[in-house]
1. What strands (runs of 3 or more DSSP E) completely inside the stretch 405-516 contain at least 3 residues that are open to solvent by less than 50 Å² (accessible area, probe 1.4 Å)?
2. Failed condition for Phe251, given (1) in a loop (DSSP other than H, G, I, E, B); (2) within 22 Å of Gly71 (Cα to Cα); (3) without any contact (Cβ under 8 Å) to a residue 60 or more places away in the chain; (4) of a type outside the set (S, T, N, Q), with all others met?
3. Yes or no: Phe260 surrounded by 14 or more Cβ atoms within 10 Å (Cβ to Cβ) and closer than 30 Å to Phe90 by Cα?
4. Consider only pairs whose beta carbons are under 9 Å apart and that are at least six residues apart or on different chains; among these, list those whose first residue lies in the stretch 412-427 and is under 25 Å from Leu281 (Cβ atoms) and whose second residue is open to solvent by 80 Å² or more (accessible area, probe 1.4 Å) and at pLDDT 95 or above.
5. Which residue pairs have Cβ atoms under 6 Å apart, sit 6 or more places apart or on different chains, and have a first residue in the stretch 445-469 that is free of Cβ contacts under 8 Å to residues at least 60 places away in the same chain and a second that is part of a loop (DSSP other than H, G, I, E, B)?
6. Counting only residues that are small (Gly, Ala, Ser) and under 24 Å from Asp92 (Cα atoms), which one in the stretch 227-251 is most open to solvent (accessible area, probe 1.4 Å)?
7. Could you please find all residues in the stretch 314-341 being part of a loop (DSSP other than H, G, I, E, B) and of a type in the set (Ser, Thr, Tyr)?
8. Before we move on, is Val344 in a strand (DSSP E or B) and hydrophobic (A, V, I, L, M, F, W, C)?
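The values are calculated or read from the model by the stated rules, or taken from the named source; none is laboratory data. Treat the numbers as computed from the prediction; the structure is a model and nothing was measured. Cβ atoms come from the backbone with ideal geometry, glycine included; neighbour counts cover every protein chain shown. Keep in mind that these areas ignore ligands, DNA and RNA; they rest on the heavy atoms of the full protein, side chains included. Shrake-Rupley method; radii C 1.70, N 1.55, O 1.52, S 1.80 Å.
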Amino acid sequence: MNAWPSSPGKHASILRGLGAAFLLILSSACTTIEAPLKAELESRSPAAVPCANWFEQLDATVDRAGVRDAGAYRIPGFPYLRVDRFSASFADQARGSPQAFDAWVTRLRALDAEARGYEIRNLPSQFFPVAGIGDRATAGVNTQACAAQLAREDLGSAAQRDLLVTRAKVPDNYADWNRVLGLYEVASIPFAQGVERWHQETAEMFRKASLEPTAATGVVRYQAAAKPVTGEQVAGVFLHANKDALGIPQFTDEERDLLFQAYAPAFEIETTGDYDRFGPLSWRNGPAPEIDPTRPVTYRRLAFTRYYGKTLAQLVYTIWFPEHPSSGATDLLAGRLDGVVFRVTLGIDGAPLVYDTIHPCGCYHMFFPTARVKLLPAQQPVIEWAFVPLKLPALAPPQRVVVRIASRTHYVVNLRPDADASGISYQYADDNDLRALPAADHGTRSAFGPDGIVPGTERGERYLFWPMGIDNSGAMRQWGTHATAFIGRRHFDDADLIERRFELSPGAQTAFPQPK
């Protein structure tokens, strides 16, 4: 069996660069969400006070039970609205148009309704009644009725609308105090050296992987259990897609399914143990969710990004492994759960522009541009900008790719257009299912804690990496909370992540407006 090089990867390279530069100390930080100001609560009309009180008591109960959902930011003073980074990017557009504002608020209300639905669902029975409401179904109905009432009162005021636009900003996932106390400007020097070594080692892994036979011994191939999709079907989805006043495509369920089927990657995984078999998560009796490695399941999410004034669809596929097994007592990267997040960013014509990937910790962010785009230079010196270990040709829909994954470390070590049609079939699950997993007590529990981190997945690296500002570095995280750079600031869901790093190649510009 041909094994991948035993490179310790980016994090271990940084450890070597750090040497004895830092003391082994544990830093913990608590992040609190600003509650509505008391004056704002007291300024409500008499008719709205019961609803304002309802949200206040519901939030207090959710926090006391520890079931807060961290996927979207709760906007201070507007308890029925939440915002993610993509939605926040439309704030100025919403300010300038009543139609755009209404579409924007609809998105913010939907984000809150979705999150509160999971919070109420995960709320243990002993926490009821809440403000006199004794069951989850009634709590959900009351929440939506109160959201509508408060929205009517708040958003009829120009001053409140302006306040909402001002506050609808998502805080980044970096702890500034960690960077101050850890002397970030000094500490980043050995980190930068470690990142550069990781780039070199990873490039070598990709080179060697490209020489491996596609049917190497010990490599297990998985592919989607989906019907073939034609290029005409993909083109038809984008040609006929409805858009809201913000220009965001409103795909039907059938259209979403077709796109996920069209670009579902194949996974080729070097397999030396059950830790290399992926599957669905559930809560049993352990400190972290557990994987069923007998059922290959890929979690999928539809996301969006901004590009040259357009909104582009992104297809996100995530697989979860039981663990990153330890290679010895000094292995600071080992721990419960591991995974690979693979994303396809599509152009407005439905053809891929850029692929990128991370682990669910936000680690190992790599970009794989197609020939339709060109990498732009970094906008600041000495930051993690866009590591590109491999470029792909322009791929016509519905061309799929193969993601090659190493054993034990689960590093992505190669990417290529798919030319095979065999393999073990995997099934799909909705990525939001992770927000309410089956639990041992027959209820549900989110895979993620109120801080967006999967409990029990902490890594030893957190003792050394805290000066870079990422709390609990190496732990698995919820969508919307992935900081992906130690040097600089970068998030996997930044609305301008792709636009800032890649421009269209000359032959691909006809389908897009020119950048300003």
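1. On the way: elements: 412-417, 424-430, 502-504.
Counting at least 3 such residues, we get 412-417.
2. Of everything listed in (1) in a loop (DSSP other than H, G, I, E, B); (2) within 22 Å of Gly71 (Cα to Cα); (3) without any contact (Cβ under 8 Å) to a residue 60 or more places away in the chain; (4) of a type outside the set (S, T, N, Q), Phe251 misses just condition (3).
3. Values: surrounded by 14 or more Cβ atoms within 10 Å (Cβ to Cβ): yes; closer than 30 Å to Phe90 by Cα: yes.
Judged against the criteria, Phe260 is a match.
4. Note: pairs meeting the criteria are Tyr426/Arg295; Gln427/Arg295.
5. From the stretch 445-469, the pairs are Ile453/Asn472; Ile453/Ala475.
6. Quick first cut of the stretch 227-251, residues small (Gly, Ala, Ser) only: 231, 235-236, 241, 245, 247.
Now drop any that are not under 24 Å from Asp92 (Cα atoms), which leaves 245, 247.
Details: Ala245: 57, Gly247: 26 Å².
Looking at the filtered set, the residue picked out is Ala245.
7. Answer for the stretch 314-341, where residues must be part of a loop (DSSP other than H, G, I, E, B) and of a type in the set (Ser, Thr, Tyr): Ser326, Ser327, Thr330.
8. Numbers: in a strand (DSSP E or B): yes; hydrophobic (A, V, I, L, M, F, W, C): yes.
So Val344 fits the description; yes.
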